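What follows is a short report on a single structure.
The values are calculated or read from the model by the stated rules, or taken from the named source; none is laboratory data. Predicted, not measured: the structure shown is a model, and the values here were computed from it. Glycine gets a Cβ as well: all are built from the backbone with ideal geometry, and neighbour counts include every protein chain shown. Protein only, heavy atoms only, side chains kept; ligands, DNA and RNA dropped before computing areas. Shrake-Rupley method; radii C 1.70, N 1.55, O 1.52, S 1.80 Å.
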Amino acid sequence: MSNFFIASGVVLCLFMLLALYRTIFGPTIIDRMMGANIIGTKTTVLLIIIGTIYERVDMFVDIALAYAMLNFIVTIGASRYFAHHKNIRAEGYGVLNHTPAKGQIND
Amino acid sequence: MINTLTIALMIAGLFFFLATTVGVLRFPDFYTRMHAAGKGDTLSSLLILVGLALYNLHLLSAGNILVTIKILFILMFIFLASPTATHAIIDAGYESGIKPWANENNREGQDDLAD
Amino acid sequence: MELLLAKYNYWIYALIMMIGLYGMLAKNNLIKKIIGMGIFQTGIIVFYVSTGAKRGGTIPIIEHGHGEEVHEVIKALDYVNPLPHVLMLTAIVVSVGTLGVALAIALRIYTEYNTLHEDEILERVND
Amino acid sequence: MIWQIDIMILTLIVICGLFAISVKDLLGAAVVFGAYSFLMCLLWTEMGAVDVAFTEAAVGAGVSTVLFFAAVHRSSRQVKARVSGAMLYKGLGLLASGLMGGVLFYASTDFPDWADPASPASSHLSPHFITQTIAETSVPNIVTSVLADYRGFDTMFETAVVLTAGLAVLIILRLGGCRTAGPIREKNAAIQAAYKDSIIRFVTRMVVPFMQLFALYVVAHGHHSPGGGFQGGVILGASFILLAISYDLKMALNRINEKAALLLANTGVLIYGGIGFLCLLLGANFLDYSILHRILPATDEIAARSHAMLGVEIGVALTVMVIVMIIYNNIVSNGSYEKGL
């Protein structure tokens, strides 16, 4: 049974590698956020699997729960960025205008 | 018995994770990819976690039942949070003006959004 | 092959630290530099934690049922070394403090000079 | 350690690290760095360092990534190459990191083999902690007992460092004389009002109490399972950050305003130091908790150490929670406390 869990852990890591492709190469920033979210969900599951391999699941469930919570916060935070800046591309500042402090510099 | 059930549930979960990953890699635009990711991820983590929660019950004791309940808590949380996160990401994409994919005949300038 | 299995983790941590140092030195953007700093930090932390790993050791929490006494003799070889964990746990929490200060300084520079890029900042300082 | 999973995760980490510093978009780099921290947490779990993994899940993967988003939100996302001398800097960077890497690779031949049970790090002090923790402190989680008791002095100053970091952020951004600088002019307030959508708000309202309860459980149950003051405090702070993200900054500030925040932050360190001084007053060494059995009812010397550790953890949790909030609030609003993410 332990071998089965290790094998499924390795398979999950392989899937993560594939999801990492989206995180790294985009093409848009929102695809990256999606990739990170997928990696987060897979990690939550993998944490419990590792706990089962160690045969001490009771110690690992708390981490997985905290993990799921923080993953949620990160995703919400990242998506809220686009409530203020309407641009997908990195150039420009979107809807917001930043006024420089001294007023003399503008690019 | 419980072992067989666990293995079956986990293989089903891994299959849906595979489907999610293929969908995320192969679908043409952001909305379709997010569709695959949001649904597949929730379902497959649900299946795997139920499998592990069952496996945890092969020795019945108060501690193990508590752990199973905790795993079900995680499940409930994922069930709440994952669709909300999907909604937030999709909304962010929609607000920032990504056009949905259309086939070749009426495709109009969306490749230029890629950075 | 034996050498590889015994040392591969140290090499990978050295690689992570190299990535971090390169990011800190060569990147033009301040936030990229801060990300490089974070990577360097995690490289060091993983090195420390890995010195505590033991083959066949379980996590450093004594096994016991709830409300029961521990009966069997505790053997040190059964548990992973907890000391590096403690040191690195506090290091991670302090790292969020340093990250906060670094980002605050970067933001202050941005409001002052309206850029996050090193060469432009130097240019505007020298004007 | 499970070497099959270990190798996979290390590969993923190196790829993530490489791209986190080479992606040409700061928000993207922050997202990739977040994924990097997620994987780091996984690596530590797999090595058996559950408490470190818990801290990394809360701090590295959660709060740091949100702080990066906040900073990018307040500045710009652009990454420009150097106008001149880019090759020089790249060459120098490669040279320096190559040198350091070479030295480290050379030194690695002298290190003990990985996961060797007889390595010097695991053979002098730590066996005492592992074998004696139950007998001396009755705390099964060795990391907690070392953190709060055996190395309590160290942890007290770590808490003070966290407090200092929060104060430094406060001084740099809030009192830095630029409180009016860098305000954001809203071109389209209507879009923003419409965006605050009810699905996210509703789920946040459901999730936040659950989260805070869980954080309190983590603080209180840190003696028996992974967790403790640092982790619980960060999760508590993160729950307020979630409120600030999905409603707005005012909402979170109504819960704990600036004055209360500073008061709580100092109270945390004061609780820690106060317990130490109490031991001093009763005639023992600083932070020698076993003497506290004289004033704690129905405890012997061993139980007193366990109870005092809980008190210390509560102090740590208070400070860390408030400092995480202060850092986020200042960075996301550039010190003005007006508009959040």
Of the peptides C:2-13, D:230-241, C:95-106, D:21-32, how do they stack up when ordered by the mean number of other Cβ atoms within 10 Å, highest first?
D:230-241, D:21-32, C:95-106, C:2-13
Please report the spacing between the Cα centers of region D:101-143 and region D:29-69 in Å, no decimals.
23 Å
Would you please give the residues with an amide H less than 5 Å from that of residue C:58, counting only those at least 5 places away or on a separate chain, with H modeled from the backbone geometry?
C:79, C:80
Go through D:156-166, D:81-91 and give me the packing order, highest mean Cβ count within 10 Å leading.
D:156-166, D:81-91
For chain C: Kirkwood Rh in Å [reciprocal of mean 1/r, alpha carbons]:
18.0 Å
I'd like the interface area for chains A and D: accessible area of each alone minus the complex, both sides summed, 1.4 Å probe, protein heavy atoms only. What is it in Å² to the nearest 100?
5900 Å²
In sequence order, calculated HN-Hα J values of region D:318-332 (Karplus, 6.51, -1.76, 1.60; Hz; x Gly/Pro):
4, 4, 5, 4, 6, 5, 4, 5, 4, 4, 4, 4, 6, 6, 6
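May I ask you to give the solvent-accessible area per residue for region A:8-64, in square angstrom, as obtained with a 1.4 angstrom probe?
Each residue of region A:8-64 exposes 19 Å² on average to a 1.4 Å probe.
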Net charge around residue C:55, counting only other residues with Cβ within less than 10 Å of its Cβ (Lys, Arg = +1; Asp, Glu = -1)?
-1
Region D:215-336 - percent of accessible surface contributed by carbon and sulfur, probe 1.4 Å:
66 percent
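From the Cα gyration tensor of region B:1-88, with a ≥ b ≥ c the square roots of its eigenvalues, which class applies: rounded if a/c is under 1.5, or else prolate if a/b is larger than b/c, or else oblate?
oblate
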Peptide D:268-279: average number of partner chain Cβ atoms within 10 Å per residue?
0
Candidate lysines - alpha carbon under 20 Å from residue C:7, same-chain residues fewer than 8 apart omitted
C:54
Taking protein heavy atoms only, a 1.4 Å probe, and rounding to whole percent, the accessible area of region A:27-90 owed to carbon and sulfur comes out at 46 percent
CD proxy at 222 nm, helix term only [per DSSP H run n ≥ 4: -39500 (n - 2.57); per residue of chain D; nearest 500]
-22000 deg cm²/dmol
Compute the accessible area per residue over chain C, keeping the other protein chains in place, probe 1.4 Å, unit Å².
39 Å²
For region D:156-165, in order, what is each residue's ³J(HN,Hα) by Karplus, 6.51 cos²θ - 1.76 cosθ + 1.60 with θ = phi - 60°, in whole Hz (x at glycine and Pro)?
4, 6, 4, 4, 5, 5, 4, 4, 5, 4
Could you grab the relative contact order for region D:254-300? Cα pairs under 8 Å, six or more apart, rounded to a whole percent.
20 percent
Report the relative contact order of chain D, percent, no decimals, based on alpha-carbon pairs under 8 angstrom and at least 6 residues apart.
21 percent
Where a ≥ b ≥ c are the square roots of the eigenvalues of the C-alpha gyration tensor, would you call chain D rounded, which needs a/c under 1.5, or, failing that, prolate if a/b is larger than b/c, or oblate?
oblate
Read phi for every residue in region C:13-28 and hand back ³J(HN,Hα) as whole Hz from Karplus 6.51 cos²θ - 1.76 cosθ + 1.60, θ = phi - 60°, with x for Gly and Pro.
5, 4, 4, 4, 5, 4, 4, x, 5, 4, x, 5, 7, 8, 6, 8
Just the number, please: buried accessible area between D and C, total of both chains, 1.4 angstrom probe, nearest 100 square angstrom.
8500 Å²
Residue among B:60, B:43, B:52 with the largest mean-square fluctuation in a Gaussian network model of chain B, springs linking Cα atoms under 10 Å
B:60
Net charge of Cβ neighbours under 13 Å - reference residue B:94; Lys, Arg +1; Asp, Glu -1
-2
Net charge around residue C:88, counting only other residues with Cβ within less than 13 Å of its Cβ (Lys, Arg = +1; Asp, Glu = -1)?
-3
Give the accessible surface of chain B per residue, rounded to a whole number of Å², with probe radius 1.4 Å and ligands, DNA and RNA excluded.
50 Å²
Percent relative contact order for region A:10-59, counting Cα pairs under 8 Å at least six residues apart, stands at 28 percent
Along principal axes, Cα extents of the protein assembly as shown, largest first, whole Å
72, 61, 54
Please report, to one decimal in angstroms, the Kirkwood hydrodynamic radius of region D:69-109 built from all distinct Cα-Cα pairs.
13.0 Å
In terms of the alpha carbon gyration tensor, root eigenvalues a ≥ b ≥ c, rounded if a/c is under 1.5 and otherwise prolate when a/b exceeds b/c or oblate, region B:35-81 is oblate
All lysines inside 17 Å of residue B:70 as judged from Cα atoms, apart from same-chain residues fewer than 8 positions distant:
none
Restraint check, D:24/D:250; B:39/B:99; A:86/C:33; A:42/B:99; B:39/D:24; D:24/D:339, Cα-Cα greater than 23 Å:
D:24/D:250; A:86/C:33; A:42/B:99; B:39/D:24; D:24/D:339
Compute the separation of the alpha-carbon centres of region C:68-122 and region D:268-292 and state it in Å as a whole number.
27 Å
